[in-house]
Amino acid sequence: MTGPTLSTAINPPDNDRDLPFKPWYRYGWPWFLISIPFVSMALGGMMLYLGLTANNSLVVDDYYKEGKAINQRIDRDRTAALLGLHATLRPSQEGLILEVAQRAPELPASLQDDLAAATADFRWPETLQIRWVHVTQAERDGETLLQSLGGERYLAPGVQLPGSGRFRIHIQPRDDAPWRLFSKMVTLQQSGSLSLSARLPEEVFGTALFGQSR
């Protein structure tokens, strides 16, 4: 048995030389590499178009007005913390039911005057306003009014919260709200209840104040 000779290596057989040769554009890899910059340009153009035409609901134009609103919200949070307000939302066949409660927390002596002033002016109103604010999509925001059923129960007839999505819930009196309750980011479910509580006094007034009183 003999191996390939020198002449065979220099002059390959005719069947190798007769193999068909494909030009470069018949292969897939060149087209894949060429497509990368074109796809990048298309995506960049799409992002530029969305940036120029879409409204960004997370951008605030009037910073002065927004700053005043933040101060008002802080005051409302302080009042809710002093009063120890709680609320539970649950769906029903009649609509959205809200049950509220007041359980004043233990406060240091330096806050007793503030507590007395808040308690003297406090009463459950005939109407409460509830707002649900989507974390990114302003078009999914909504609000409605809850009417008192007597005692500490309210009802929004025929109203249900959105069935899905991540929202923040705000509850407060309708006019000149002295307090508010709000939830952190929650995932809503049509069949589930939702509890809201005022922030702890230590969070609102600072832990140092409570540490000094003990």
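Within the stretch 142-161, can one find any residue that is among the acidic types (D, E) and without any contact (Cβ under 8 Å) to a residue 12 or more places away in the chain? Break it down into steps so the answer makes sense when it comes.
Restricting attention to the stretch 142-161, the residues satisfying the condition of being among the acidic types (D, E) are 143, 152.
Okay, now just the ones that are also without any contact (Cβ under 8 Å) to a residue 12 or more places away in the chain, so none.
Checked the stretch 142-161: no residue is among the acidic types (D, E) and without any contact (Cβ under 8 Å) to a residue 12 or more places away in the chain.
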- Query: Could we say that Q147 is farther than 20 Å from A198 by Cβ and not in a strand (DSSP E or B) here?
  - Reply: no
- If we scan the stretch 89-100, do we find a residue that is closer than 30 Å to A54 by Cα and of a type outside the set (V, I, T)? no
- Query: Any idea how many residues of the stretch 164-193 are assigned to a strand (DSSP E or B) and within 19 Å of P105 (Cα to Cα)?
  - Reply: 2
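Scan A69, A117 and give me the residue that is part of a helix (DSSP H, G or I), at pLDDT below 70 and surrounded by 10 or more Cβ atoms within 10 Å (Cβ to Cβ).
Unique residue meeting the criteria: A69.
Look through R123, R76 and report the one residue that is charged (D, E, K, R) and surrounded by 12 or more Cβ atoms within 10 Å (Cβ to Cβ).
Working: R123 fails: surrounded by 12 or more Cβ atoms within 10 Å (Cβ to Cβ).
On inspection, the qualifying residue turns out to be R76.
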- Message: Every residue in the stretch 194-214 that is modelled with pLDDT under 80 and either within 19 Å of the chain's Cα centre (by Cα) or part of a loop (DSSP other than H, G, I, E, B) (or both), please.
- Response: R199, L200, G206, S213, R214
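Determine whether the stretch 79-100 contains at least one residue that is assigned to a helix (DSSP H, G or I), closer than 30 Å to G158 by Cα and either at pLDDT below 90 or assigned by TED's automatic domain parsing to the domain that holds L194 (or both).
We begin by selecting, within the stretch 79-100, every residue assigned to a helix (DSSP H, G or I); these are 79-83.
Next, from what is left, pick out any that are closer than 30 Å to G158 by Cα: 80.
From the residues that got through so far, the ones that are either at pLDDT below 90 or assigned by TED's automatic domain parsing to the domain that holds L194 (or both) too are 80.
Yes, the stretch 79-100 contains a residue that is assigned to a helix (DSSP H, G or I), closer than 30 Å to G158 by Cα and either at pLDDT below 90 or assigned by TED's automatic domain parsing to the domain that holds L194 (or both).
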- Neighbours by Cβ (under 8 Å, 6+ apart or cross-chain): first from the stretch 80-104, of a type in the set (S, T, Y); second modelled with pLDDT under 90: T88/S193; T88/L194; T88/S195; T88/L196
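The values are calculated or read from the model by the stated rules, or taken from the named source; none is laboratory data. Quick caveat, the model's predicted, so the values are computed rather than measured. Reconstructed Cβ throughout: ideal geometry from the backbone, glycine too, with neighbour counts over all protein chains shown.
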